[in-house]
Amino acid sequence: MSSRFARPRGDDEDRSDENYESRVNAARFNDNLDVRFGYAKHTEVVEKVGWMVNMQPAEVIDEEKRLVSAMDYYFIQEDGGRFKVSIPYQPYFFVRATAGCEQDVCTFLSKKFSNLCMTVEQVSKEDLDLQNHLIGLQQAYIKLSFLTSGDMIKVKKFVTSAVNKNKSKDEHQDVYREMMAPVNAANTSTGPKVLTDHSVHLLDLREYDVPYNVRANIDKDLFVAHW
């Protein structure tokens with residue numbers, strides 16, 4: 001008897017994702033395989049103490065029957081008993097946008113990737129590239145969080161392409177602006193323009209290359225060989 005699992009909302013390409021069902025089956029298979037080796041998943045609200053012997057990234061099915069990224073942690077108890085704990089954790093990275101355009105970029109990305117369960121929020125972070133960052137100055141960033149690493153890769157691919165395109169464009173426009181400065185200063189007939197493609201405001205992305213298991217373990221402060 002098969003159960004139906006919620007797929008991410010999206011276009012025909014996402015709905016017809018042939019890989020989705022195989023990933024669901026793989027998540028079930030991994031849990032069953034761990035049980036055979038004595039590592040049954042601990043799901044009860046009861047405290048257990050164990051020595052963490054291993055960990056690995058995984059995908060699990062959450063309470064809403066969605067496939068989400070998680071970390072599997074494996075433990076051995078003092079009496080020799082074994083168990084594992086699966087902790088879902090959303091992968092993420094940060095995007096820097098043109099100052100003052102952060103909200104427009106947030107709205108743009110949310111609409112463009114409305115087929116993904118993506119969380120978009122504005123945050124302030126320390127940026128070593130800022131002048132005088134040692135006095136406490138912080139940079140405005142947009143944090144993009146995802147249910148799965150696969151979703152993150154899709155968005156990261158688009159953002160990376162846009163950032164590279166904008167950097168290349170800026171290098172050429174710097175020379176053009178300098179040449180056209182006298183003409184632009186004399187031209188007073190330019191009216192306001194309505195911008196619909198806010199990808200031109202994507203300037204940089206950070207922490208996009210941190211491996212998922214490293215990111216989750218650092219943020220959760222969990223490491224192997226600890227009780």
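The values are calculated or read from the model by the stated rules, or taken from the named source; none is laboratory data. Computed from a predicted model, the values in this text were never measured in an experiment. Glycine also receives a Cβ, built like all others from the backbone with ideal geometry; neighbour counts cover every protein chain displayed. Only protein heavy atoms, including side chains, enter the accessible area calculation; ligands, DNA and RNA are left aside. Shrake-Rupley method; radii C 1.70, N 1.55, O 1.52, S 1.80 Å.
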Those residues of segment 63-84 which are loosely packed, with under 13 Cβ neighbours inside 10 Å and of a type in the set (D, E, K, R) amount to GLU63, GLU64, LYS65, GLU78, ASP79
Counting only residues in segment 120-151 that are in a helix (DSSP H, G or I) and surrounded by fewer than 19 Cβ atoms within 10 Å (Cβ to Cβ), the one modelled with the lowest pLDDT is identified as HIS133
Evaluate segment 85-102: report whether one residue or more is loosely packed, with under 14 Cβ neighbours inside 10 Å, at pLDDT below 95 and of a type in the set (Lys, Arg). no
When restricted to THR119, THR107, THR98, THR43, the only residue within 16 Å of the chain's Cα centre (by Cα) and of a type in the set (Val, Ile, Thr) is THR119
For segment 28-56, pairs from a residue that is open to solvent by 90 Å² or more (accessible area, probe 1.4 Å) to a residue that is hydrophobic (A, V, I, L, M, F, W, C), with Cβ under 6 Å and 6 or more apart or across chains, are TRP51/ILE76; TRP51/TRP227
Only one of LYS157, LYS165 is charged (D, E, K, R), assigned to a helix (DSSP H, G or I), modelled with pLDDT under 95 and open to solvent by 100 Å² or more (accessible area, probe 1.4 Å), namely LYS165
Of the residues in segment 196-218, those that are surrounded by 12 or more Cβ atoms within 10 Å (Cβ to Cβ) and in a helix (DSSP H, G or I) come to HIS198, SER199, VAL200, HIS201, TYR212, ASN213, ARG215, ALA216, ASN217
